[in-house]
Structures are given as structure tokens and as C-alpha cells.
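Just below is one structure, and these are the notes that go with it.
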Amino acid sequence: MDAEQLEKYSSAITLSDMEIFVFPELMYSLVLANIMSPIIWQWRELDCFKKLQAKSSYKKLMRLKQFIIDEYEFNLDLETWGLTSKAKELKRFEKFISPHDIGKSNALFGYEGDKYYFDVDIRKHFGLDKYDSDIIPYWKTETVEAMDAFRYKPGYTKRAGECVSLAALYAAAAFIVGGIPLEDIYMILTPLHSQNFIDIHDGVLTNNRRLVTKTMWFNGTAISNKAQRALRNENVIIVAHSSGYVHCIYDDATIDRKAYEHLARQLSCYLSTELTLPVFASFLRTSRDYQKFFQVCRQCHGQAQFLKAEALFHYEHSSNYRIADKTFDKLLAEVSDEDFMPYELPGRIRCDKLEEFIEDKKVDMRTPQGKAAFKKFIEPVIPGAQKFVDELADFVHIEAKLPSADKNYLPAEPLKISLEQSREQIIDYLQEARRSNSTADLAFYAYRDMETCDWVPFIKAAVERNPVSILMAGEISSDEVYKWLADVGDESIYSGKRLAQPDEVVNYGRADGVEKAFLLANIIRAKHPARDIEVMINDEDVVLKAAREYRFLSSKGLAKQTRISASGSISVTD
């Protein structure tokens, strides 16, 4: 590999958000690595999924959502994978992308989003405000193995992952467990978030551990409002798909153009809805200050009775029933008779009259005519009617800020993985595809397949981007670290001939002998940069040579002779 290839391939090992931004094909490589992993395939044998085998993909997806909610935590501990520096990262990637472009699109390098993010102090919300110097956290994405291993990390009781990890997990699981073709799954990355659009029914958006249907998107609840933040307020920087990717900065795109155009249409439909009374009720649910301008009317024994809208929303908050849907009458039945008035309340619009107006005029809030008609209807009652209309129009229609479709679409053979293929067949297919498809090739590095991959990228990542293990060692000697490693459990978090990185060993407290050797190599290199280091692996026997020899036992069945020189060059021989 040349230097630029080595940077990319070693990035497939560490998978920081920054690395994915610079090398966007890595995002889908992680999905493929998760698909190759045995872990998600084992979920299919769980009773909760086995009994859904004959059910629709939609039902399976909804059950998958509950499984992920139950089994995984959302991890936003920014220091899980240690600290780096802006200067170091910018220098590392200067051949690929300018510091200016990085600053526009990455939250750790100056990006703060639009006015919304300034209003909610988003950097403080994410804990980024304390990184106002050159020091910043690594924001790394985890494989499914690393997500599952959080159970062993102090302070955690479940599996866990941050948003990009959860998006990659959902994409793989939707295919393996949900039976959804990969062609129908689009990964959408913004500077502060990562989610998937699944092209099923009216569309389903993954959001961390949850799923958001189109109905949920427009229900006006706090959870839905949070789910909207990224697409409502951020530019999309990457769209990743089985056919390729499109990037906000790069002129070249590898995604199939028709697939990208299809996503744009489907996402636009998902983010738009017609104005109806239930949708208007959802708008009032989230825009509470406007509730005081509306009232609800009901008939009781032939007499009209009126109720303040805010009073009804108060009842709804603690009820299983909802305003303006099929459970509306049951909600009204829960309201105390004392809250109803026998006369029409002045200074308030009747919701039944509003519904008549919407249906009669066929109001379309996306058109100037529709906005003007609605403004005229509410103006006698609501001060600042134009502001109200603009906010309502914004509620019912969002324009996703996708990368421009005006790209140089590179001809490429898309990966064609079918639902009928077994895990073994998929791995065999990807082994063939990796000869001509870099995303498939990079997937084996993200998968940590040390049997078929060049070892140099793995070793480069191990001794350059694992600060947690160096911090753990602190002032203690290499010999003391060696003694500590003797007490670390001998089971790797990766099955077969696959290896964990040093910081995964430290965070999860378990490792095979080969993994322990590279952890110690990372620490020795940090403490004694002038020393050459050798790690010799011969099946069960692992020997690290520096100033002295350190021995470990391995069950990985690997055989390699590796050398890390004081200058940083890495050599590997069989």
C-alpha cells in the first residue's frame, strides 16, 4: 500500500467519525462487517424473532426496534476512546480534504450548526463545550462486537454504542433479521448525527435506538421533535448505500444515480404531510403557546359545550387517548364536566370550524395561496398571524439538505447481496467482490479479519490511535503493565482469527495473547519511542521483544513476524 491507501485502510480499523467523513466508503464497510459477524445472525434464533418468521418485514422491524431498545444503551461518553488533537488530525488528513471544509462539517472542528443549535447550545448539550482548545476526543464508531462488549466495561450493564454505531447496527439487523433488502436502506449522516432511511411503507427513520414512522414524525411529541433535529437543522454530509456513496464536498459519487434520486423523492414524501385536523393538533401539541387561541366543541344532550384547547392537552398528557384521532371521544369522556363551558369562548378559534375550513379550501401549506388563505382565516384571532403560518408550514414540510445531485457519478458494480444468501455465502461473495470493490475490501478490515488482510494497517492503528491504553499505563513501567495483562481475561471479544485493538482490550478487560502483545507494544512505543519492537506470533506462542522479552499465549491460530521500528515503519512477514 502507498501512504494514502494505508491511511484509509488503517482508518477502517479505528473508524472515527473524522475518518468516515474523509473516507465515506468506510461507513458501508462497517455495515458489511456487521453483516459478516455471527452475532446478529444469532438473533434470528431467539424466540422473539423466530415466531415472526412468517410475518411482514414491517412487523419484524418493529420487533427489532424493541429488541435494540431493551438490549442497547445510547453511549455519549465522548472520552470512551480517548483524546487526540485538532492539529494532529488536520495534519493527518490535509492531503485529502482542507481544514476549512472539515471545520464546516465536523462538530469537533468548529461546526455548530444553524441558528437552532446556537439557541439550544448544542456543543454544551453534547459535552463539546469543554473542548475549546486543541485537545478533542476521538469520536469512534464501534463494530457490533465492540458494542456488545460494553457489558464488560465498568459503569455499563448493557451493550451500547453511539449514533453512528447504532445506525450501522440497525442497517445490518434490518437486513438479517428484518428481511429488508439492502437496496431499501439508506444511511444518512449529518455532522452531529447518523440515521437510516428505510424505504418501507411510508418510510421509517432510525434514530439512535428508536424507529420513527411518518405518523410518529408528525405527532408533535417531545421524542419526535428530538428525532427531527438533524434533518431539520443540519446539512447531510454523506449518504451511504449498497450501490455506493455521495459526499457533500467530493465531486465524485459512487452511489447509483437512480437510487439517489429515488431516496430524494421518498424522503421528501416522508418529510411532508397534508394539513388535517389531527396534524394541526400535533402542531399545537409541540407549539404550546398557540393552544390558548383554540377551543374544542362537543355536543352534550343536544347542547354545545366548549373546552379550552390547553386544558384538553393537559388531559391528553396523562391519558392513553389522543386529540383528533379515533380515540378522541374517549379522551373527551375523561375530561371533568367542570372544565366545559356552556358558551363559546371569546378570542378562540373553534377546532370544528377550523376542520371545515381546511377540508373545504383544501389548504396546502406548501403554496403561497394556501398560506395566504390560512392567514386570512386566523388573522382576526391570532396576533402575529404570519409567524404562526410560517411555523405551521415548517411543521408540515421539511426540506432535507442532501448533498447536491450534480455529481460525477462513477460507474461501479453495486454490491448485490440477497436475502436468500446465508452468512457464509455472503462472506464468500464479498471475498470475490473485494478484488474490484474497495468498500467490500475495506469491510474485511473493519471486520478485523487477520487471516486475509494485510496486517500493517491494523498495527499502524494499534500504535498510533489507541490513547486509552497509554493513559491507563500512566507512570507505571512496562513490566507492571505486563503483570496487569496476566490478570486480564484470555477471551477476545472477536471470534475466530480476528483481533481487538489495544483500547478495546483496556475498555472491556479481556484479550487474547496477540491482542495483549500489541497493547503492550503501544505502551512501550509511547514510553520509549527510540526502541524497535518485534511481535512474533507462532500459533499459541506470542513473544514481544523490546528491551526484554514478554510472552503470551494465544488461541487465534495466527502466525506472523511483525516489527515496528523507532522511525515508525512497520514490516510483517509470514
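A few points about this structure:
- Near residue 409, once Lys and Arg are set to +1 and Asp and Glu to -1 for all other residues with Cβ below 12 Å from its Cβ, the sum equals -2.
- The stretch 476-481 - phi-based ³J(HN,Hα) in whole Hz, Karplus 6.51/-1.76/1.60, Gly and Pro as x: 6, 7, 4, 5, 5, 4
- Using C-alpha pairs under 8 Å with a sequence gap of at least 6, the mean separation divided by the residue count of the chain gives a relative contact order of 16 percent.
- Listed peptides 162-169, 264-271 by packing density, highest first (mean Cβ within 10 Å): 162-169, 264-271
- Inter-probe distance in nm under a simple model that places probes 7 Å from Cα toward Cβ, at residue 265 and residue 344: 4.6
- Residues whose amide H falls under 5 Å from that of residue 106, counting only those 5 or more places apart or on a different chain, are 111, with hydrogens built in the peptide plane.
- Between the helical axis of 385-396 and the longest alpha-carbon principal axis of the chain there is an angle of about 50 degrees.
- For the chain, the longest principal axis of the alpha carbon atoms and the long axis of helix 57-71 meet at an angle near 70°.
- Net charge dipole, the stretch 242-306: roughly 500 debye, given to the nearest 20, about the Cα centre with Cβ charges of +1 for Lys and Arg and -1 for Asp and Glu.
- If you take all other residues with their beta carbon under 13 Å from the beta carbon of residue 70, and give Lys and Arg +1 and Asp and Glu -1, the sum is +4.
- Zone residues, the stretch 243-263, relative to residue 405, backbone N less than 12 Å from point 7 Å out along Cα-to-Cβ: 257-263
- Projecting label points 7 angstrom from Cα along Cα→Cβ for residue 483 and residue 300 puts them 8.0 nm apart.
- Each of the peptides 72-80, 210-218 was scored by the mean count of other Cβ atoms within 10 Å over its residues; in descending order, highest first, they stand as 210-218, 72-80.
- Cross-linked pairs 65/401; 104/140; 104/371; 292/375; 8/60; 330/387: Cα-Cα separations exceed 24 Å for 65/401; 104/371; 8/60; 330/387.
- Stretchable slack from residue 565 to residue 151, in nm (0.36 nm times residue separation minus alpha-carbon distance): 145.4 nm
- Options 259, 273, 284, ranked by Cα towards positive dipole end of the stretch 251-305, top entry (Cβ charges): 284
- Relative contact order of the stretch 450-573: 23 percent, from C-alpha pairs under 8 Å at least 6 residues apart in sequence.
- Helix 455-464 and the longest principal axis of the Cα set of the chain meet at an angle near 70°.
- Spatial separation of Cα centroids for the stretch 278-348 and the stretch 455-508, in angstrom: 60
- Loop-resident trypsin sites (Lys or Arg not before Pro) (DSSP state other than H, G, I, E or B) in the stretch 397-477 with no more than 13 further Cβ atoms inside 10 Å of their Cβ: 416, 435.
Each reported figure results from applying straightforward, stated rules to the coordinates on display, with no laboratory input. Here the structure is a predicted model, which is why all the values come from computation and not from measurement. Quick reminder, even Gly has a Cβ in these numbers, built from the backbone with ideal geometry, and neighbours come from all protein chains shown.
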